[in-house]
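Below is one structure; the comments refer to it alone.
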Amino acid sequence: MQALERSIARERAIREAEERDRIEMRSRLDIWDDDESDELFYTDRARWRTSRARRLATEEAADRESRIYEEREAENLRRESEAFLARQMDEMQALQDEQRKAGMLLDDGAPVKLKRISRANRAEG
């Protein structure tokens, strides 16, 4: 019951905060005038474009570096996976060889010789 009450109170607080933000933004936009703004976009469009071009170039360079890093990481992961699988195959092969030497594992496809036991021998055994 308390958890439900807390949840309802939390939702009510969120709605009230959103309403206050909406009212504040509406009042700010009502008095805002782009002709009187000191934002560079409105006051000096050429300088804004130049700074925007520099920021864009910086972001694109960071994106390229990030892609290169991701590609390197993907390649490293692929190599590590292949090395792990190769080690695992070597270990499995070594285990099979040990089992084969111990007589616990027969060569695949090798014929198995069966000794025929006569009924007389079976009765004795």
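The values are calculated or read from the model by the stated rules, or taken from the named source; none is laboratory data. All of these numbers come straight from a predicted model, not from anything done at the bench. FYI the Cβ positions are ideal-geometry reconstructions off the backbone, even for glycines, and counts take in every protein chain you see.
Just a few scattered comments:
- In the set (1) at pLDDT 95 or above; (2) hydrophobic (A, V, I, L, M, F, W, C); (3) loosely packed, with under 10 Cβ neighbours inside 10 Å, LEU56 fails one condition alone, (3).
- Filter pass, LEU77 being assigned to a helix (DSSP H, G or I), among the aliphatic types (A, V, I, L, M) and over 37 Å from the mean Cα position of the chain (by Cα): no
The rows are residues; the columns are (1) surrounded by 10 or more Cβ atoms within 10 Å (Cβ to Cβ); (2) in a loop (DSSP other than H, G, I, E, B); (3) at pLDDT below 95.
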position	(1), (2), (3)
TYR42	yes, no, yes
ALA46	no, no, yes
ARG100	yes, no, yes
MET104	no, yes, yes
ASP108	no, yes, yes
VAL112	no, yes, yes
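- Test: residue in region 85-94 that is modelled with pLDDT of 70 or more and more than 41 Å from the chain's Cα centre (by Cα): no
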